[in-house]
Amino acid sequence: MKSTVISMENVTLHFPKLSSLLSMVTGVFKKKDNKFTALRAVTLEVKAGEVFGLIGKNGSGKSTILRVMSGIYPPDEGSCYVSGKVSLLAGIGTGFSQHQTGVENAMLYGSILGHNESEMTEKLPEILEFSELGDFIHEPIRTYSAGMKARLGLAVASAIKPDILLIDEVLGVGDPQFREKSKTRILNLVEQTGTVVIVSHSFGLMKDICDRVGVVHKGKLVMVGTPSEAIDAYYEITE
Amino acid sequence: MSGENIVEVGLKPPLIKAPIYTLREVLQNKFLIRNLVVREIRGKYRNALLGYTWTFIEPALLAIVYYFLFYMLAGNPDELYAMWVLIGIIIWGCFGKSLQASVSSLTRNKNTIHLVYFPRIVFPMTAVMGNIVTTLMSCVVVFPIMMIFNLPLTIYALLIPASVFLAGFLATGIGVMLAPLNCIYRDIEHLIRFIVRAGFFVSPVMWTYEMALERGMFGEAAVYNPMLTPITLARHGLEGHATTLPSTVIALCVGFGILTWLIGSYVFEKYERRAVKYL
């Protein structure tokens, strides 16, 4: 029996809506809901070594689940437990500085993702090689194309070795060759990492790599099952 | 890996320890903070022909303007007056910019906050440290001034960088306290901008501690302004002598800084996680 490494118990999360002074005054007379409920009593367990997928329509709450797991939003009700170092891969290249070089940005992004100086110094050669940027690596990244930035970002992001990896739709960047290469790299990362939770719209990929898949709809985790069961359920719900 | 070491996400030490463990978080993230500070400074002086020299051209130009303003209003100022104003502008600028930047630090970094988690105290700290670094660079301007006015370069010149740190420290507590609130109501940011402008005149930027003392009551009231200490210390350092500020005034200022840090770090840790949901 494998141990549980992620455990969400009845997690409910609200986002407050901000009201202006004027609507506050007029709002006294109207009963109005001033919050948006993003997650409703989500209960979910992920075992060590498992690749767990989350599917659902845009805005259903898939990404929010990952953000609760990584500590970005604390749940309003219920609780979330994890075991080990958690890393969230989302929005590749967050915090890039347009006016600094590729190398500087690699260090910057690495530190944003939680690496210390010695880890980054050690990983830098590998990151630079994977990014295939050649001499451009010493140019400010404002001169880069979108694909080049994405490559650099992915190279840094995929150099991490967490205990639990959360992936939020980061595949499909760059040209077809790089996309293939990055898919392989992510798959390697998934293999090496003990436990992975992945959010993606590419059902083919989900079928290939996930042990179990959950379907999220309007903030609720409606079902958990094998990838094909979940994908069938997804089409049923969204139709 | 066993199920026993499973821990609640985002569990923090008791709030009462906030002033200490936020400092520990800052130390643990120094590589990140250094990178973010560099990013901020690079961003500020990008594509500028004069680059970092703007750090001291700006206060120097302001000092000239205020010198003429004062000359027209009061006539015949002391020959060192322009220098006093210059160092006043530099030190006050460190406080004002640090305060504004730290108050708006969470709102400015909302994209990062939504996508990665690291201790959020890093954001206001980066804002303050970035301004301390640029202010230290602008302090280079004091060397030519010392030569022009034949002021001796003594050990007391170290009072100048010390005042820069003190000014930044005074801004930290207040900035950290207000940053989460600013996520909810951006009014804070606008209010702080006004306070920084008004505070410029209430603090000894265009006037000095010694001038205030000559005015009796006014001088007695002025010592309760925490910013009097860093600005006056820097001026005494520039003049190359030990400070004549009473130690009670200095203690009052440092005490204010520590008190605002204690309250600020507590407020930040208590509200930060709720506040970022508004971003």
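The values are calculated or read from the model by the stated rules, or taken from the named source; none is laboratory data. What you are looking at is a predicted structure, and each value in this text was computed from that prediction instead of being measured. Glycine also receives a Cβ, built like all others from the backbone with ideal geometry; neighbour counts cover every protein chain displayed. With ligands, DNA and RNA removed, areas are computed over all heavy atoms of the protein, side chains included. Shrake-Rupley method; radii C 1.70, N 1.55, O 1.52, S 1.80 Å.
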> Which distance in nm do the two modelled labels at B:Val7 and A:Ser145 give, with both placed 7 Å along the Cα-to-Cβ direction?
Replying inline: 4.5
> What nm value, rounded to one decimal, do you get for the distance between B:Arg186 and B:Arg46 when each label is placed 7 Å out toward the C-beta?
Replying inline: 2.1
> How crowded by other chains is A:2-11, given as the mean number of beta carbons from other chains within 10 Å of each beta carbon?
Replying inline: 2
>> Over all directions, the average projected area of the alpha-carbon convex hull for the protein assembly as shown comes to how many nm²?
In response: 29.9
> What is the packing order of peptides B:105-111, B:155-161, A:193-199, B:226-232, taking the mean over residues of other C-beta atoms within 10 Å and listing the highest first?
Replying inline: B:226-232, A:193-199, B:105-111, B:155-161
>> Modelling each spin label as a point 7 Å along the Cα-to-Cβ direction, I'd like the B:Thr244/B:Glu214 distance in nm, to one decimal.
In response: 1.2
> Along the Cα-to-Cβ line of B:Glu58, 7 Å from the Cα, sits a label point; which residues in the range B:69-87 have backbone N less than 19 Å from it?
Replying inline: B:85-87
> For the range A:196-239, list residues with backbone N below 16 Å from a point placed 7 Å from the Cα of A:Arg179 toward its Cβ?
Replying inline: A:200-206
> Taking the alpha-carbon set of the range B:20-153, what are its Rg and Dmax in Å?
Replying inline: 18.2, 58
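By the gyration tensor of its Cα atoms, with a ≥ b ≥ c the square roots of the eigenvalues, what is the shape of chain B: rounded for a/c under 1.5, prolate for a/b over b/c, or oblate? Working shown, then result.
Details: a/c = 2.11, a/b = 1.82, b/c = 1.16.
Verdict is prolate for chain B.
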>> Going Cα to Cα from A:Lys218, which lysines come in below 16 Å? Please leave out same-chain ones fewer than 8 positions away.
In response: A:Lys35, A:Lys57, A:Lys62
> Taking chain A as a Gaussian network, where each spring joins two C-alpha atoms under 10 Å apart, which residue of A:Ser158, A:Ser228, A:Ser63 fluctuates the most?
Replying inline: A:Ser228
>> Given the C-alpha atoms of the range A:130-239, compute the convex hull and give its volume per residue in Å³.
In response: 133
>> Bin width 10 Å, origin at 0, all Cα-Cα pairs of chain A: what percent of pairs per bin?
In response: 7, 28, 30, 21, 10, 2, 0
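Once B and A are treated as a pair rather than alone, how much accessible area drops out, both sides summed, in Å² to 100, probe 1.4 Å? Walk me through the intermediate numbers first.
Values: alone 15150 and 12430 Å², together 24260 Å².
Adding both sides of the contact gives about 3300 Å².
Hey, which of these cross-link pairs are over 27 Å Cα-Cα: A:Lys123/B:Lys12; B:Lys30/B:Lys97; B:Lys44/B:Lys110? Don't skip to the answer; put the middle values down first.
Details: A:Lys123/B:Lys12 30 Å; B:Lys30/B:Lys97 21 Å; B:Lys44/B:Lys110 19 Å.
Exceeds cut-off: A:Lys123/B:Lys12.
At a Förster radius of 51 Å, what calculated FRET efficiency corresponds to the Cβ-Cβ distance of B:Ala74 and B:Arg34, to the nearest 0.05? Let's see the in-between values first.
Details: r = 45 Å, r/R0 = 0.87.
That gives a FRET efficiency of 0.70.
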> In debye, nearest 20: dipole of chain A around its Cα centre with unit charges on the Cβ of K, R (+) and D, E (-)?
Replying inline: 1020
> In units of 2.2 N^0.38 Å, what is the alpha-carbon radius of gyration of the range A:186-239?
Replying inline: 1.17
> Which of B:Ile64, B:Ile174, B:Ile87 moves the most in a Gaussian network model of chain B with Cα springs under 10 Å?
Replying inline: B:Ile64
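Counting only protein heavy atoms and using a 1.4 Å probe, what share of the accessible area of the protein assembly as shown belongs to carbon plus sulfur, as a whole percent? Each step should come with its number before you reach the end.
Details: 14760 of 24260 Å².
The value for the protein assembly as shown is 61 percent carbon and sulfur by accessible area.
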> Summing Lys, Arg as +1 and Asp, Glu as -1, what charge do residues with Cβ under 15 Å from the Cβ of A:Ser202 carry, A:Ser202 excluded?
Replying inline: +1
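Given that compact globular proteins tend to follow 2.2 N^0.38 Å, what is the ratio of the alpha-carbon Rg of the range B:1-53 to that value? Don't skip to the answer; put the middle values down first.
On the way: Rg = 18.8 Å, N = 53, 2.2 N^0.38 = 9.9 Å.
In units of the 2.2 N^0.38 Å rule of thumb, it is 1.90.
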> Does anything in the range A:204-239 have its amide N under 20 Å from the 7 Å Cα→Cβ label point of A:Leu187, and if so which residues?
Replying inline: A:204-213, A:227-228
> What are the residues whose amide H is under 5 Å from the amide H of A:Ala38, where those residues sit 5 or more places off or on another chain and H is modelled from the backbone?
Replying inline: A:Leu13, A:His14, A:Phe15
> Roughly how crowded by other chains is peptide B:252-262, in terms of the mean Cβ count from those chains within 10 Å of each of its Cβ atoms?
Replying inline: 0
> Given H placed 1.01 Å from N in the peptide plane, which residues other than close sequence neighbours of A:Val5 have an amide H under 5 Å from its amide H?
Replying inline: A:Val46, A:Lys47, A:Ala48
>> Can you tell me which of A:Gly102, A:Gly93, A:Gly225 moves the most in a GNM of chain A? Springs connect C-alpha atoms under 10 Å apart.
In response: A:Gly225
>> Need one value for A:71-80: mean number of C-beta atoms belonging to other chains within 10 Å of its residues' C-beta atoms.
In response: 5
> In terms of modelled amide H atoms, which long-range or inter-chain residues lie less than 5 Å from the amide H of A:Arg212?
Replying inline: A:Val51, A:Gly53
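Between A:Thr101 and A:Lys2, what is 0.36 nm times their sequence separation minus the Cα-Cα distance? Round to one decimal in nm.
On the way: separation 99, 0.36 × 99 = 35.64 nm, distance 4.46 nm.
Using 0.36 nm per residue and subtracting the Cα-Cα distance, I get 31.2 nm.
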> So what's the gap between the Cα centers of the range B:52-82 and the range B:184-199, to the nearest angstrom?
Replying inline: 26
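Give me Rg/Rg_expected for the range A:57-179, where Rg uses Cα atoms only and Rg_expected = 2.2 N^0.38 Å with N residues. Spell out each step's value before the answer.
Working: Rg = 15.5 Å, N = 123, 2.2 N^0.38 = 13.7 Å.
Dividing the Cα Rg of the range A:57-179 by 2.2 N^0.38 Å gives 1.13.
At R0 = 22 Å, how high is the FRET efficiency between B:Ile195 and B:Leu279 if r is their beta carbon distance? Nearest 0.05 is fine.
Values: r = 23 Å, r/R0 = 1.05.
Working from the Cβ atoms, E equals 0.45.
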